[in-house]
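Report on the structure given below.
No value in this document is a laboratory result; all are computed from the given coordinates. If you're wondering where the values come from, they're calculated on a predicted model, not measured in any experiment. Cβ sites come from the backbone with ideal geometry, for glycine too, and all protein chains shown count toward neighbours.
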Amino acid sequence: MIISRTPYRVSFFGGGTDYPAWYRHHGGAVLSATIDKYCWLTCRYLPPFFEHKYRVVWSVIENRRSVEEIQHPVVRKVLPHLGMERGVEIHYDGDLPARSGMGSSSAFTVGLLNALHALMGRMPTRRDLALEGIRVEQEMLRETVGSQDQVSAAYGGLNHILFMPNGEIVVRPVTVLPERIRQLNEHLMLFYSGIKRTASNIAESFVEDIEARRRQLRIMKDLVDEGLEILSRGRDLRAFGELLHESWHAKRALSSRISNACLDEMYDAARRAGAIGGKVAGAGGGGFMLLFVEPHLQDDVREALKHLIHVPFDFEFSGSQIVFCNHETDYAAQEAQRLGQNVRAFKELSDLHSQTRETASIG
């Protein structure tokens, strides 16, 4: 049995520039961090006692005889992609809800790849996991998604991620003092809006004509450098919050579907209560709202948004991990061994019988 643990992420600046349709021509960059909220996946080979060959437990319970019957799109694509011929059982649990802007879909993809590779006795690198996750989502599933979520899920940590026009992806950990990272963490609040949405549907509203958003995307890329400067030069952290506010307005200009009246009211209420800036996580349209609030004003913001779920969090720096590995009894190998032993025993018995007959004949 294998258990993988893969973190969700919060993205600060640069979202939208990580879509291949953009960075393949202009380059892209994001500043993001993973948090101590995880996607958990348990995988094991399925014992040969059941009518079904595959069991997949997520929001539905699937017992299937063939890969083609599996409803979960990632599982259906990944199993044949990895050459998994034996039956498997896969259980999913998440610390945060799906379709909430926290990179949950990519965390699932990367976590599943990591777990199944481990089940097959392989240890992919973080880079391998990130690139394979991108390939599964963008090429095999043909979803309109960016490339930052898979990288964040695989690597973990607070990172400056660069997307080159030649397709190369460079991950640069943000090298500031732990105290500075702690201060940033203490100024951030996360609230769940309760609105679920599909990120690829939101993204399609601006990716199809992404060149028409050149001005906004260039601004969003520039904000990455300014955000890094605030963190590394010891400037007042309030400037980071003000930059988030600027980024929120730039992002809203990408598409009318990124925000709505409900989200705008939440954000305005938070600002009136003392939040300096913030953004809707991920592609927008719903899910989680990330806010930058000075610690002494956080109680006021919690009160203003008391109808929402507040989710305290800390940054994490591990990325996708195999947290449990126990290669249980291999029933197929055990059966083959048993059959082999029976064949050898039968051959030995036959040889003994022949020797006995020859001895009797000589006598």
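Data overview
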item	result
Under the Karplus curve 6.51 cos²θ - 1.76 cosθ + 1.60, θ = phi - 60°, whole-Hz ³J(HN,Hα) for the range 262-273, x wherever Gly or Pro sits	5, 5, 4, 5, 4, 5, 5, 5, 5, 5, 5, 7
Cα pair count fraction exceeding 37 Å, expressed as % - the range 2-325	16 percent
Placed amide H near F13: partners under 5 Å, 5+ positions off or other chain	L31
Qualifying trypsin sites (Lys or Arg not before Pro) for the range 69-166 [loop in DSSP, other Cβ within 10 Å: at most 13]	R122, R142
Those GluC sites (Glu not before Pro) in the range 1-90 that DSSP places in a loop and that have at most 14 other beta carbons within 10 Å	E51, E85
Per-selection metrics, the range 75-222 (Cα): Rg and Dmax in Å	17.2, 51
In the range 2-325, lysine pairs closer than 30 Å at Cα, eight or more apart or cross-chain	17
Nonlocal amide H pairs with V88, under 5 Å, H built at 1.01 Å	L46, R55
Other-chain or far-sequence residues with amide H under 5 Å of I309's (modelled H)	Y192
